[in-house]
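Below: the structure, in C-alpha cells.
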Amino acid sequence: MVINEGDMKFIFYGTAPGMPVISKRHSCVRVTLGKLNFIIDCGEGTTQAFLEHNDDVNDLDLIFLTHWHPDHSSGIFILLQMMAMKKRTKTLHLFIPENKTDFYRTLELFYLFHQKLSFKLELKYCDEIENTFPEISHFYTDHLYGNTEAVASYNLKNECLSFGVKIKSNDRVLIYTSDIVSFTSIQEYLSDCDFCITDGIHPSLDEFQELNKVIKDQILLTHGLGEGVEEMVKKNNKFKIVNDGEEFVILENGKIVCVKPH
C-alpha cells in the first residue's frame with residue numbers, strides 16, 4: 001500500500017469517555033491533511049501521546065476544541081506549556097467554542113501569559129475556522145443543550161456551545177461530531193459524508209440506526225458504547241469501535257485503511 005502526501009491520515013491519541021479509563025487517554029485526534037497538521041480536541045494525556053508517537057507538537061498548525069468538557073479540553077494548557085518550553089516560533093491557530101476572556105484569564109492563572117509566549121497564539125472561535133482553513137468547516141451540535149436550565153438558574157456566562165467539523169480529502173468527506181445526542185439535529189451536514197467519527201455513548205440506538213442510513217462507508221466510534229448499541233455494532237461492519245493509538249488513512253482512491261490497529 002502506497003501512502004501519498006495528499007492522503008489524509010489520522011491517529012486516535014485518546015478515546016476515553018468522561019469517566020477515566022485505565023490505559024486510555026482522553027479525547028484527541030491527530031490529523032495530517034497534505035501539509036496541514038492539526039488536532040481535534042485535547043484531552044488529558046495528549047502531550048504523552050505526542051511523545052509516544054514521536055510527533056513534534058511544534059509541527060501543529062491548529063487546534064480545534066469542540067467543547068469545554070474536561071475530557072476534550074483539559075490537556076490544552078500543558079500542551080501550550082510544552083510548545084513554549086520547546087521554543088516554538090510558528091503561529092498557532094487555536095479555535096475554542098466560547099468565552100475567550102475566561103480562557104485568557106486561565107492562561108494567566110497558570111502563568112502562561114500569552115503576551116510572553118515564544119510564538120503568536122491566534123485565538124479564535126470555532127465558527128471562524130473556514131475563514132483561515134477552508135478545507136475544514138464547522139457545525140453546531142446539541143451536546144450541551146441539557147445545561148441551559150442550570151446556566152440560566154445560576155446566571156452563568158456559559159453559552160452551551162459545542163461543535164463538530166467536516167474535512168474534505170480527495171473528494172471524500174469525513175465528519176467528526178465529537179460528543180452528540182442526536183444525529184437528526186445535524187442531518188443537513190451528514191448527507192454527503194463518507195466517513196464519520198462519533199461518540200458511541202450518548203446517542204440512542206434509534207439515532208445510530210438513522211446514522212447508518214446516511215454515512216456511506218465507515219462509522220468509527222469513540223468513548224465506548226451506550227445501552228442497546230452493542231448488538232447493532234457487532235452485526236454491522238460499517239461500525240468500528242476505535243481505541244487509543246489506532247491510525248487510519250483515507251487514500252486517493254477513496255478507501256479508508258487502518259494502518260495501525262489496536
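The values are calculated or read from the model by the stated rules, or taken from the named source; none is laboratory data. The structure displayed is predicted, hence computed values, not measured ones. So basically every Cβ, Gly included, is an ideal-geometry build from the backbone, and we count neighbours across all protein chains shown.
Structure summary
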quantity: Residue, surrounded by the fewest Cβ atoms within 10 Å (Cβ to Cβ), within the stretch 211-235, restricted to residues that are in contact with a helix residue (DSSP H, G or I) (Cβ under 7 Å, 6 or more places away or on another chain) and modelled with pLDDT under 95; calculated: GLY228
quantity: Residue in the stretch 1-51 that is nearest to GLY226 (Cα to Cα), counting only those that are modelled with pLDDT of 95 or more, crowded, with 17+ Cβ neighbours inside 10 Å and among the aliphatic types (A, V, I, L, M); calculated: ALA16
quantity: Any hit, the stretch 227-249, residues being closer than 17 Å to THR15 by Cα, of a type in the set (S, T, N, Q) and out of contact with any His (no Cβ under 9 Å at 6 or more places or on another chain); calculated: no
quantity: Subset of the stretch 10-34 (residues that are out of contact with any Gly (no Cβ under 8 Å at 6 or more places or on another chain) and of a type in the set (Ser, Thr, Tyr)); calculated: THR15, SER23, THR32
quantity: Residues within the stretch 126-136 that are over 26 Å from VAL181 (Cα atoms) and without any contact (Cβ under 8 Å) to a residue 24 or more places away in the chain, tallied; calculated: 2
quantity: Subset of the stretch 99-127 (residues that are within 22 Å of the chain's Cα centre (by Cα) and on the phi > 0 side of the Ramachandran plot); calculated: ASN99
quantity: Candidates HIS67, HIS93 - the one that is touching a Leu at 6+ places or on another chain (Cβ under 8 Å) and part of a loop (DSSP other than H, G, I, E, B); calculated: HIS67
quantity: The one condition in (1) surrounded by fewer than 16 Cβ atoms within 10 Å (Cβ to Cβ); (2) touching a residue at least 12 places away in the same chain (Cβ under 8 Å); (3) not charged (D, E, K, R) that ASN54 fails to fulfil; calculated: (2)
quantity: Residue match in the stretch 104-119 (condition: acidic (Asp, Glu) and surrounded by 14 or more Cβ atoms within 10 Å (Cβ to Cβ)); calculated: no
quantity: Matching residues in the stretch 170-200 - criterion: being aliphatic (A, V, I, L, M) and either surrounded by fewer than 17 Cβ atoms within 10 Å (Cβ to Cβ) or under 19 Å from PHE10 (Cα atoms) (or both); calculated: VAL173, LEU174, ILE175, ILE197
quantity: Subset of the stretch 68-97 that is hydroxyl-bearing (Ser, Thr, Tyr) and surrounded by 16 or more Cβ atoms within 10 Å (Cβ to Cβ) - its residue that is farthest from the chain's Cα centre (by Cα); calculated: SER74
quantity: Odd one out for PHE195, checked against (1) in contact with a Cys (Cβ under 9 Å, 6 or more places away or on another chain); (2) at pLDDT 95 or above; (3) among the hydrophobic types (A, V, I, L, M, F, W, C); calculated: (1)
